[in-house]
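Since every read-out is calculated from the coordinates, none of them should be taken as a lab result. All values derive from a computational prediction rather than experimental measurement. Quick reminder, even Gly has a Cβ in these numbers, built from the backbone with ideal geometry, and neighbours come from all protein chains shown.
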């Protein structure tokens with residue numbers, strides 16, 4: 001066969017291959033989604049409502065589609081956002097409300113419940129305390145969008161906050177119910193975290209949980225009683241004292257009861273020793289009722305604590321000061 005014929009066949013083969021790849025791309029790419037944070041409250045009084053506005057845009061690139069838009073928010077667990085959120089939308093394809101996704105409806109890409117799938121996919125973003133959750137809603141109706149059409153929408157969110165003093169960076173995510181959080185092709189979903197929102201009142205004695213910035217000492221969860229398991233973490237990477245270089249770190253605490261009494265546990269032992277879980281980071285998981293040997297009927301209001309070495313001479317308090325860290329118990 002002449003060389004020119006071989007070259008022509010080779011050229012045609014490359015063209016067919018490129019056309020096939022391009023056509024396959026059109027089949028795979030059915031939806032391209034984007035999300036933009038329009039506004040969110042920078043400061044909220046505890047117990048008031050926090051307001052956020054996000055803009056959505058999605059394009060159907062190969063088929064007519066009739067889907068629900070799925071919107072997730074990542075906020076502190078203490079807010080109980082599943083019960084305390086109102087969410088509405090306006091769009092080129094219709095207006096209405098977003099409602100909590102019913103139990104049993106899963107992300108089609110992973111087979112997990114949407115809230116679990118979003119936590120696995122996006123985590124808590126730039127926040128430093130894990131006491132957060134994804135709560136997921138979808139449009140109350142399916143929205144029809146014709147092929148080769150781009151739809152714009154606006155989501156307005158209002159969440160009744162808890163009485164907790166905290167600061168955090170809200171997370172937002174979107175996808176369509178037919179595609180879910182699919183990684184088959186880019187554009188099926190998108191997420192974004194906002195700037196720091198402060199939820200703080202005028203009580204100087206209240207402990208502020210700062211999700212936005214890494215802390216030497218962190219207690220989780222924010223809302224707990226003496227009957228809950230509490231995790232307290234020490235981040236030696238932020239400590240300026242020599243404690244961070246010790247091989248053993250201990251928990252030194254004084255608990256205050258509703259009767260006005262106090263109970264101190266500050267002896268180095270296997271019970272008070274923290275466990276290393278990362279580079280220069282330790283933790284202790286405790287059940288306050290047992291840890292402080294509470295009698296039945298006795299409740300706790302607060303714990304003040306330090307991190308110390310086995311001699312008790314090297315102590316780290318709040319912000320590298322002599323002030324103790326504080327954990328306030330909350331009635332559920």
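Inter-label distance, residue 92 to residue 293: 7.1 nm, where each label sits 7 Å from its Cα along the C-beta direction.
Semi-axes of the equivalent ellipsoid of the range 31-199 are 26, 17, 14 Å, computed as sqrt(5λ) over the eigenvalues of the C-alpha gyration tensor in descending order. Largest GNM mean-square fluctuation among 226, 198, 264, using the chain with Cα springs under 10 Å: 264.
A simple spin-label model places the labels of residue 256 and residue 183 4.8 nm from each other, with each point 7 Å out along Cα-to-Cβ. Recomputing log10 I(q)/I(0) by the Debye sum over Cα atoms at q = 0.06, 0.14 Å⁻¹ from the coordinates shown identifies the correct label among [x] -0.59, -1.14; [y] -0.32, -1.07; [z] -0.18, -1.08 as [y]. The residues 196, 252, 74, when put in order of fewest to most other Cβ atoms within 10 Å, stand as 196, 252, 74. Going from the fewest other Cβ atoms within 10 Å to the most, the residues 140, 67, 278 appear in the order 278, 140, 67. For the chain, adding -39500 (n - 2.57) for each run of n ≥ 4 DSSP H residues and dividing by the number of residues yields -4000 deg cm²/dmol at 222 nm. Note on the chain: with a GNM built from Cα contacts shorter than 10 Å, the maximum mean-square fluctuation among 256, 277, 122 falls on 277. Given a Förster distance of 45 Å, report the FRET efficiency between residue 229 and residue 158 from their Cβ-Cβ distance, rounded to the nearest 0.05. Approximately 0.90, to the nearest 0.05.
Angle between the Cα long axis of helix 3-28 and the longest principal axis of the chain, 0 to 90 degrees, nearest 10? Taking Cα atoms only, the helix is inclined about 50 degrees. Spatially, the range 40-99 and the range 219-265 are offset by 37 Å when compared through their Cα centroids. Distance from the Cα centre of the range 103-173 to that of the range 286-324, in angstrom? Rounded to whole Å, the Cα centres lie 36 Å apart. Taken along the Cα-to-beta-carbon direction at a fixed 7 Å, the label points for residue 43 and residue 204 span 1.7 nm.
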